[in-house]
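Asker: Following this message is one structure expressed as structure tokens.
The values are calculated or read from the model by the stated rules, or taken from the named source; none is laboratory data. None of the values given here were measured: they were computed from a predicted structure. Reconstructed Cβ throughout: ideal geometry from the backbone, glycine too, with neighbour counts over all protein chains shown. Note: areas computed on protein heavy atoms with side chains; ligands, DNA, RNA excluded. Shrake-Rupley method; radii C 1.70, N 1.55, O 1.52, S 1.80 Å.
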Amino acid sequence: DRAGDLLLQIGKGWQGQGTGPTENCELNEELKILRDLLEDGLFSDEKKTLSVHLCEDPTTIAAPAAIVRQIVINLVRNAAECLDECVGEGNAKHEIKSGEVTIRTVAPVWQGGRKWVELEVSDTGGGLAPDIQKHLFSPVKSTKGRGHGGLGLSVVKQLTDDMEGIINCHTGGAGTAFRVLLPMADSKDTTGD
């Protein structure tokens, strides 16, 4: 219940800040700023790498930069932590301590008569366990131990929903990829260019 209340407050927090135009940000520029922070904080181990592939087209989205940063940091942190997890069963279980996390942008993406910017965060970890997949975007008790509240993906989902974005996940033995469609700043103008 407390987690649900927190998510509700997060959604109200940035939506209810005035009746003026929505704040916009340039996704690729935010990712350039975050790259060094993420590399220093999560990828200081030489066995883990962060790759960032930014499209050349404009990626101006209809969302405040602070919200975008929260989404990116949560997704990348989860992906980096997946590289530390044990995979396999029984005697075949082994710990992954290396791998790659990739951030990629694509724009524009057309869906439902609107233009979007796609943000993809993928990892080469062992994939998500079936019991985690069942409750993927719900606040749950974390299986990662101390210091983890189990709210990361539910916060990402709530923030994405609040900006009328779309999030999906693909996971398997070759890793996990989260794709987030964020509305382009001019997404309501579909007549053009």
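Asker: What is the residue count in the range 64-106 for residues that are open to solvent by less than 60 Å² (accessible area, probe 1.4 Å) and modelled with pLDDT of 90 or more?
Answerer: 19
Asker: I've got another one for you. Report, by residue number, each residue of the range 116-129 that is at pLDDT 90 or above, out of contact with any Leu (no Cβ under 8 Å at 6 or more places or on another chain) and either surrounded by fewer than 20 Cβ atoms within 10 Å (Cβ to Cβ) or aliphatic (A, V, I, L, M) (or both).
Answerer: Hits for the range 116-129 are Glu120, Gly127.
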